[in-house]
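Student: One structure coming up, written as structure tokens, with questions to follow.
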Amino acid sequence: MTSQKEHTYLKRILNGDLEAFSYFVDTYQHLAFTIVVRIVQNREDAEDIVQEAFIKCFHKLSSFKGDSKFSTWLYRIVYHSALDAVRGQKRSLDTQVMEAQDFYGISDITSVLDQLMEQDCNTIIKAAIQTLSPQQQTIITLYYYENQSLKEIAEIITLSLSAVKVNLFRARKNLYLLLKDHVEFENRKR
Amino acid sequence: MSEQQEHELDKLSGMVIRKAGLETPPERLKQNIMQAIVAKSTYRPIQGLLTTKSKIAIGVFLIGFCIAIGFLPQTNKLWQVSGGLEGFTGYMNQISKDIPKTFLYGILAFGILVLVQIAYLKKRINNI
């Protein structure tokens, strides 16, 4: 459900106070931009897509009924706008399926990442995230960063709850495998 | 995969995503969004000069006129109602020998509509 504060801002906008929309831009632009950058992998394109998505959202405000969180509604528009852009570029939306026989050394990965310089660590992590499919990137970002429930994520991505659960598990597994490769590489360097 | 491993994987993923942080959008993004919204919202589409009410009124008048025309006199007597108009009606009688009265009523109604609309539209244009 939309919070009381957001309801107040929505009312103001619908009554013609356009400046009230800046509250929503301030609140959601960072995560919206992150979702889009990770999908389109280009900051300039992401900027245009986020801008268009916010404008689209503004023009559709009167159709927002408030029975879901405003963020869920907004991220849905943002996510699908980014996906449309990627489809336009004919970039693959799939990620390669990785198979893990066993999950050992998870705590080793954590400690190696902790030991790495912040910048190196960020580069490795971002590279690993980039290799996930747009869907998995969005699911894992919303789940861990925004603390969105699986049901809300399913609404944003337009997938069933069980499909979101499966994709979240695959995203975690793929991240682990990619980071494991990096960590083994780092260990060999030492 | 054991429950313990699943928990560790969940912990690792959470840590990784939080470490990756959020991308910082360019400062101009908010400004661009707000500018676009204000620009699009201040755009006023061209309004029709005739409001729906006046269109309905004109429609009702025309339908009423078409119905009423059947009850109006179709003889030359109409033009002799007013003595002051005799000269004019004489002329009308002359030209109406060949032209049916209904046609003249039509011209009259059209003229009234034009006169009313000119005054009305002028007022509307002045108000825009």
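Read-outs throughout are calculated quantities, based only on the coordinates presented, and are distinct from any laboratory measurement. For clarity, every value in this text was computed on a predicted model and none was experimentally measured. Heads up, the Cβs are rebuilt from the backbone with ideal geometry, glycines too, and the neighbour counts pull from every protein chain shown.
Student: Just tell me which lysines come within less than 28 Å, Cα to Cα, of B:Lys101; anything on the same chain fewer than 8 places away is out.
Tutor: Once the sequence-local lysines are set aside, what remains near B:Lys101 is B:Lys55, B:Lys77.
Student: At what distance in nm do the modelled label points of B:Ile58 and B:Ser41 sit from each other, each positioned 7 Å from its Cα along Cα→Cβ?
Tutor: 3.4 nm
Student: Please order B:Leu108, A:Leu132 by the number of other Cβ within 10 Å, starting at the fewest.
Tutor: The fewest-first ordering by Cβ neighbours comes to B:Leu108, A:Leu132.
Student: So which GluC sites (Glu not before Pro) in region A:1-76 end up in coil per DSSP with only 15 or fewer other C-beta atoms within 10 Å?
Tutor: none
Student: If you don't mind, there's one more thing I want to ask. Work out the length of the dipole vector of region A:120-173 about its Cα centre, built from +1 on the beta-carbon of each Lys and Arg and -1 on the beta-carbon of each Asp and Glu, and round it to the nearest 20 debye.
Tutor: Approximately 240 debye in magnitude.
Student: Roughly how crowded by other chains is peptide A:21-34, in terms of the mean Cβ count from those chains within 10 Å of each of its Cβ atoms?
Tutor: 4
Student: How about region A:20-87: which trypsin sites (Lys or Arg not before Pro) there lie in a loop by DSSP and see at most 15 other Cβ atoms within 10 Å?
Tutor: A:Lys60, A:Lys65
Student: Once you average over the residues of A:165-175, how many Cβ atoms of partner chains fall within 10 Å of each Cβ?
Tutor: Counting Cβ atoms of other protein chains within 10 Å of each residue's Cβ and averaging gives 2.
Student: What are the radius of gyration and Dmax of region A:4-88, computed over its Cα atoms and given in Å?
Tutor: So, for region A:4-88, Rg and Dmax equal 12.9, 38 Å respectively.
Student: Right, something else. Determine the alpha carbon to alpha carbon distance for each of A:Lys5/B:Lys40; B:Lys53/B:Lys123; A:Lys56/A:Lys165 and list only those over 23 Å.
Tutor: Among A:Lys5/B:Lys40; B:Lys53/B:Lys123; A:Lys56/A:Lys165, the Cα-Cα distance tops 23 Å for A:Lys5/B:Lys40; A:Lys56/A:Lys165.
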